[in-house]
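To keep things clear, I will list the structure first and then write my remarks on it.
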Amino acid sequence: MDINNHAININSDLGVAAAIEAKRLSEKYNKDFLDCETLVQITGLGRNNVRAMLNSDSFPTIEIGNRKVVSTIAFALWSLRINE
C-alpha cells in the first residue's frame with residue numbers, strides 16, 4: 001500500500017468518526033456550538049480548566065460576541081486527534 005493512500009484512508013476515517021460524534025453531541029445537547037458549561041458536562045473537567053482550554057491557541061474556538069465557543073465538529077476532530 002502506498003503511504004499516501006494510507007494517510008488518506010486514516011484522514012477519511014477520522015473525518016467520518018468526527019462527523020458521527022459531532023452529530024451525536026449536537027443531538028444530545030441540542031447545540032451546534034459548545035460553550036463552557038456544556039464542555040464542563042462533556043469533559044468532566046472543572047470550569048477553570050475548560051476556560052483555560054477555550055483560551056488555548058491549540059483549541060479550535062471561535063468568538064461570538066464576547067463568548068468563546070467551539071463547533072461540535074471542531075471539538076470532535078480535536079478530541080479524536082488528541083486520542084490518537
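The table for this structure:
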item: For A19: the one exception among (1) modelled with pLDDT under 95; (2) on the phi > 0 side of the Ramachandran plot; result: (2)
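So that you can scan it fast, the table gives a plain yes or no per residue for (1) farther than 20 Å from L14 by Cα; (2) in a strand (DSSP E or B); (3) open to solvent by 30 Å² or more (accessible area, probe 1.4 Å):
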residue: S26; (1), (2), (3): no, no, no
residue: L39; (1), (2), (3): yes, no, no
residue: V50; (1), (2), (3): yes, no, no
residue: S58; (1), (2), (3): no, no, yes
residue: E63; (1), (2), (3): yes, yes, yes
residue: K68; (1), (2), (3): yes, yes, yes
residue: I73; (1), (2), (3): no, no, yes
residue: A76; (1), (2), (3): no, no, no
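The values are calculated or read from the model by the stated rules, or taken from the named source; none is laboratory data. Values in this document were obtained by computation on a predicted structure and should not be read as measured data. Remember, those area values only see protein heavy atoms, side chains included, never the ligands or the DNA or RNA. Shrake-Rupley method; radii C 1.70, N 1.55, O 1.52, S 1.80 Å.
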